[in-house]
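Participant: Below you'll find the structure I mean.
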Amino acid sequence: MAAGKVVTVSLNAQTKGRGNIAVDGQADLSAQHGPAIDMTVTAHQALLVHRDDVNAVIDASLRYLGGLTRGSLTGKVEPVSIEVRLLDRLPPSVVVIPVTEINRQDGGKLGHEKQDASAAPWVADLDIDIEMPRRVFVRGRGLESEWSGRLHVGGSTNTPQLTGAIEAIRGVFTFASKRFDVQKGIITFTGGEPIDPILNISATYRTPTLTAVIGVTGTASEPKLGVTSQPALPQSEVLAQVLFGKSSSRLGPVEAVQLASAIDSLARGESWSEDMLGSVRQFLGLDVLSVGTSTSTTGDEQGAAVEAGRYVTEGVYVGAKQGLTDSSTAGRVEVEIIPGLSVQSDLTQSAEGVSGSLGLRWKHDY
């Protein structure tokens, strides 16, 4: 409604599910250089993105100050839950198709003109903090992981600058039916244009005689994937030991073909395994569902196990692991006391007896 030359705005909308977005503020129409706008946008559990590759539910508090062509957008965004799905068989790059417009006066081709950023009809300076304490899931192509971190969006709507980092809380990478535990995962955004984060991720698979590590470095646009081991062995030898438990020189013809296929899949960034648990996890309403191995109290692997868990409330994670080939059962409760500090309790029951542990987990982002 209007009071003199000041228009007051109050809007409220519901998103899919139970989310809500509210816009409140005013616009002074008597300003000398056009309307002066002061608006706040508040989101609560709002489904902001709903696509095949990304789902994002957020809480947000943003403020816009400025006019119809220039202004500033500041505030804070805290995701309630983000799920990134790495779809299978994505092309390595987008092919630019030359297009010629019929009857165009200059007779030129479309798609290669560089637009002047200053010619945009509306530009806003950005100062937005994105806090992600947990519940950022990246899944697909054999990866099942949860991340947390802190990002900042600066620059402008024409040239946004994204800085900060996200770090893996937990994760597994399944390659050729073998489970690699994510030991380190850091994705760093440096503020460059275009946005192209730096990757530093490693996942480990251990046998009695070998520790194999799959590492991903480089940038998101040009990732570099490699396989190393301790003791040091060639890549083909490491994969032969992981897949078949023997040297590549002792492989039969069929095993040699499987090894070559695994190396090719690894070079193309594929997991050589199907994500068959995703639909089950969604149907059961779980945050984590994976198949791994159970261990004894001495740390020895005892067989396959199913692990499931979910956040029962903000900052409280409850999980369980059940052995498929033995009677072992394990439970875990993780409670976040303050950001970066949590209490973790584990209880395991097996044929060897009952054991438990209680510890503090501390993490600091530099």
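The values are calculated or read from the model by the stated rules, or taken from the named source; none is laboratory data. None of the values given here were measured: they were computed from a predicted structure. Cβ coordinates were reconstructed from backbone atoms using ideal geometry, including for glycine residues, and neighbour counts include every protein chain displayed. Side chains are part of the model used for accessible areas, which takes the heavy atoms of the whole protein and leaves out ligands, DNA and RNA. Shrake-Rupley method; radii C 1.70, N 1.55, O 1.52, S 1.80 Å.
Participant: Among the residues in the range 64-75, are any farther than 20 Å from residue 154 by Cα and open to solvent by less than 70 Å² (accessible area, probe 1.4 Å)?
Facilitator: Checked the range 64-75: no residue is farther than 20 Å from residue 154 by Cα and open to solvent by less than 70 Å² (accessible area, probe 1.4 Å).
Participant: Taking the range 295-326 only, how many residues are among the small types (Gly, Ala, Ser) and either under 26 Å from the mean Cα position of the chain (by Cα) or modelled with pLDDT of 70 or more (or both)?
Facilitator: 7
Participant: Pick from the range 16-47 the residues that are more than 20 Å from residue 124 (Cα to Cα) and modelled with pLDDT under 90: which of them is most open to solvent (accessible area, probe 1.4 Å)?
Facilitator: Checked the range 16-47; the qualifying residue most open to solvent (accessible area, probe 1.4 Å) is 18.
Participant: Among 214, 195, which is the only one that is open to solvent by 30 Å² or more (accessible area, probe 1.4 Å) and either among the hydrophobic types (A, V, I, L, M, F, W, C) or modelled with pLDDT of 90 or more (or both)? Give the steps one after another, and end with the answer.
Facilitator: On the way: 214 fails: open to solvent by 30 Å² or more (accessible area, probe 1.4 Å).
Selected residue: 195, the only one of 214, 195 that is open to solvent by 30 Å² or more (accessible area, probe 1.4 Å) and either among the hydrophobic types (A, V, I, L, M, F, W, C) or modelled with pLDDT of 90 or more (or both).
Participant: Is it true that residue 170 is of a type in the set (D, E, K, R), open to solvent by 60 Å² or more (accessible area, probe 1.4 Å) and under 25 Å from residue 130 (Cβ atoms)?
Facilitator: no
Participant: Tell me yes or no: at least one residue of the range 281-291 is polar (S, T, N, Q), buried (at least 16 other Cβ atoms within 10 Å of the Cβ), modelled with pLDDT under 70 and not in a helix (DSSP H, G or I).
Facilitator: Checked the range 281-291: at least one residue is polar (S, T, N, Q), buried (at least 16 other Cβ atoms within 10 Å of the Cβ), modelled with pLDDT under 70 and not in a helix (DSSP H, G or I).
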